[in-house]
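Engineer: Please read through the structure below; I'll follow up with questions.
The values are calculated or read from the model by the stated rules, or taken from the named source; none is laboratory data. Computed from a predicted structure; not experimentally measured. Counting neighbours? That spans all protein chains shown, and the Cβs are built from the backbone with ideal geometry, glycine included.
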Amino acid sequence: MVYSFLAECPECGAKIELTSDVEESEVVSCSDCGVELEVAEVKPAIVLKIAPAEAEDWGQ
């Protein structure tokens, strides 16, 4: 059974709803401020951190 949990955006403080099947290193977006967040921990509580920016490699 899948449940929903609330986590807090570290950028703007908005509540983000995540499902119980979320995994560490998964990237989610804040619907309020749009920042991409990485799931840093799932137990004992879900912890989000701002995801590192991916550099473009332009096909190299």
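Engineer: Report yes if Glu54 is at pLDDT 95 or above and among the acidic types (Asp, Glu), otherwise no.
Structural biologist: On the way: at pLDDT 95 or above: no; among the acidic types (Asp, Glu): yes.
No: the conditions fail for Glu54.
Engineer: A further question follows. Taking segment 17-36 on its own, how many of its residues are part of a strand (DSSP E or B), of a type in the set (D, E, K, R) and within 16 Å of Ser4 (Cα to Cα)? Walk me through how you get there before you give the answer.
Structural biologist: Pass one, segment 17-36, residues part of a strand (DSSP E or B): 17-19, 27-29, 36.
Filter once more, keeping what is of a type in the set (D, E, K, R): 17, 36.
Filter once more, keeping what is within 16 Å of Ser4 (Cα to Cα): 17.
Number of matching residues: 1.
Engineer: Looking only at segment 1-15, count every residue that is modelled with pLDDT under 95 and in contact with an Asp or Glu (Cβ under 7 Å, 6 or more places away or on another chain) and tell me the total.
Structural biologist: 3
Engineer: Also, quick follow-up: Out of the residues in the chain that are aliphatic (A, V, I, L, M) and in contact with a Lys or Arg (Cβ under 6 Å, 6 or more places away or on another chain), state the one that is surrounded by the fewest Cβ atoms within 10 Å (Cβ to Cβ). Give the steps one after another, and end with the answer.
Structural biologist: Quick first cut of the chain, residues aliphatic (A, V, I, L, M) only: 1-2, 6-7, 14, 16, 18, 22, 27-28, 35, 37, 39-40, 42, 45-48, 50-51, 53, 55.
This time we only want the ones that are in contact with a Lys or Arg (Cβ under 6 Å, 6 or more places away or on another chain), so: 6, 40.
Details: Leu6: 10, Ala40: 14.
Only one residue tops the list, namely Leu6.
Engineer: Could you list, ordered by first residue, the pairs with Cβ atoms under 6 Å in which the first is in segment 29-55 and over 11 Å from Ala14 (Cβ atoms) and the second is among the hydrophobic types (A, V, I, L, M, F, W, C) and surrounded by fewer than 13 Cβ atoms within 10 Å (Cβ to Cβ), at least 6 apart or interchain?
Structural biologist: Glu36/Val27; Glu38/Val27; Ala51/Val27
Engineer: Would you check if Val39 is among the β-branched types (Val, Ile, Thr), assigned to a strand (DSSP E or B) and in contact with a strand residue (DSSP E or B) (Cβ under 9 Å, 6 or more places away or on another chain)?
Structural biologist: On the way: among the β-branched types (Val, Ile, Thr): yes; assigned to a strand (DSSP E or B): yes; in contact with a strand residue (DSSP E or B) (Cβ under 9 Å, 6 or more places away or on another chain): yes.
So Val39 fits the description; yes.
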